[in-house]
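Here, each number is a calculation from the coordinates, and none is a lab measurement. Since this is a predicted model, take the numbers as computed values, not measurements. Cβ atoms come from the backbone with ideal geometry, glycine included; neighbour counts cover every protein chain shown.
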Amino acid sequence: MKCFEVVKTVLDETYGAVPGKEPARDASIKKALAAMSEQYTNNLMTDGGPDFNDAATRFGYVYQHVPAHAYWLYLLLEKCPEAIAVLEKGKARITCIGGGPGSEIVGFLKLLDEREIKCKLFCELIDGCDAWKATWDDLAYQLDLDEALHTTYVIHDVGNKATWSSPSQISKADIIVLSFFVSEIYHLPTAKEYLTKMLISAKSGALLLINDNRTKIVYELVDAIATKAGFSLLASDEGKEKIWDSGEDKDMLKKYTAKFGTSTKLTGQIAWRTFQKD
């Protein structure tokens, strides 16, 4: 299974959710892509990410960022033998904090397919935007998966403490993932408190996998929170990353590239970590 294959399926299924007829729909997505690029380039650390309540922005994010983020999560799993051992048991609970865009699901599915691992995934997606739920709820049906994929969606708005009480299964999770999320919430005064609260809830032996932008203040915050929550570092690195798999064909999305005049992200400067709860 390839990341671009899954993303194409999702885009084809959700394109019609963007309001308007095709010319207006394409114009709004193109505008959202430009605004998103500006936000991530110049305002991410001070203002956070874009407003995902907008359907055009959600579509644009899946198109532009999910293939690379999913692939890099797949690479992170490959670097973590402890995670592979969990998946080889045949059943695993996964909690993805900030997982609304679905990159983590795609990365896990690619790992299972490439390694021919039979595993039932129980994926909890925690996010502040409930509109993402419709994007990924029907994925197992759309892909006709041989193995079971169960997804649940929990609304936690990091900036609104009143939402943190929504029940989460993170205390049961075998693997917890933070994929390009800490940089999105770094600007919030409640970010450190929220992440600490969640990670302290993890069970003994739980794995924590983190991919994010290569930004020192972000990964230093992550390291401090993980240590306070009782996690020990297994491995870490940083540098330029890209999609290395020659079988990953970005041309699967060429009809959207032609529409929007911009291609999906293929490279990035990232930092990654793997931890395990003591």
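Shown in residue order for region 126-135 are the 3J(HN,Hα) couplings computed by the Karplus curve 6.51 cos²θ - 1.76 cosθ + 1.60 at θ = phi - 60°: 10, 7, x, 10, 6, 5, 5, 4, 5, 5 Hz (x for Gly and Pro). Annotation: amide H of F52 has no partner in the under-5 Å range at sequence separation 5 or more or interchain, hydrogens built in the peptide plane.
Calculated from the alpha-carbon coordinates, region 1-41 shows an Rg and a Dmax of 12.3, 33 Å respectively. Placing a label point 7 Å from the Cα of K31 along the Cα-to-Cβ direction, the residues of region 247-269 whose backbone N falls under 17 Å from that point are 260-261.
About its Cα centre, region 3-277 has a charge dipole of approximately 440 debye under the convention of +1 per Lys or Arg Cβ and -1 per Asp or Glu Cβ, with nothing else charged.
Applied to region 99-105, the Karplus parametrisation 6.51 cos²θ - 1.76 cosθ + 1.60 on θ = phi - 60° returns per-residue 3J(HN,Hα) values of x, x, x, x, 4, 5, 4 Hz, with x for Gly and Pro. Sites listed here are trypsin sites (Lys or Arg not before Pro) in region 35-94 whose DSSP assignment is loop and whose Cβ has at most 16 other Cβ atoms within 10 Å: K79, K89.
Can you tell me how region 158-197 classifies by the Cα gyration tensor, rounded, prolate or oblate, using a/c under 1.5 as the rounded cut? Cα axes put region 158-197 in the oblate bin.
Using only alpha carbons, build the gyration tensor for region 116-239 and give me the equivalent ellipsoid semi-axes, biggest first, whole Å.
Square roots of five times the eigenvalues give 25, 19, 15 Å.
Were the residues from S204 through E22 laid out at 0.36 nm apart, the gain over their Cα-Cα distance would be 60.5 nm. Highest mean packing first, where packing is the average number of other Cβ atoms within 10 Å per residue, the peptides 114-123, 5-14 line up as 5-14, 114-123. At q = 0.07, 0.13, 0.15 Å⁻¹, what is the log10 ratio I(q)/I(0) for region 3-277, with the Debye formula run over Cα points and no solvent? Those come out to -0.22, -0.83, -1.15, one per q.
Does region 191-251 come out rounded, prolate or oblate, given a ≥ b ≥ c as the square roots of the eigenvalues of its C-alpha gyration tensor, rounded meaning a/c under 1.5 and, failing that, prolate meaning a/b above b/c? Prolate. Each residue of region 41-57 was assigned a 3J(HN,Hα) from its phi angle through the Karplus expression (A = 6.51, B = -1.76, C = 1.60, θ = phi - 60°), giving 6, 10, 10, 4, 6, 9, 10, x, x, x, 7, 7, 5, 7, 4, 5, 5 Hz with x at Gly and Pro. Full extension of the chain between K172 and T152 yields a length gain of 5.8 nm, computed as 0.36 nm times the residue separation minus the alpha carbon distance. Per-residue ellipticity at 222 nm computed for the chain from its helices equals -12500 deg cm²/dmol, with DSSP H segments shorter than 4 residues left out and the rest contributing -39,500 (n - 2.57). Normalised size of region 17-112, defined as Cα radius of gyration per 2.2 N^0.38 Å with N residues, equals 1.31.
In this simple spin-label approximation, K255 and N42 carry label points 7 Å from Cα along the Cα→Cβ vector, and these lie 3.5 nm apart.
Within the chain, DSSP assigns beta bridges of which about 45% are antiparallel (rounded to the nearest 5).
Take the convex hull of the alpha carbons in region 238-278; its mean projected area over all directions comes to 4.6 nm².
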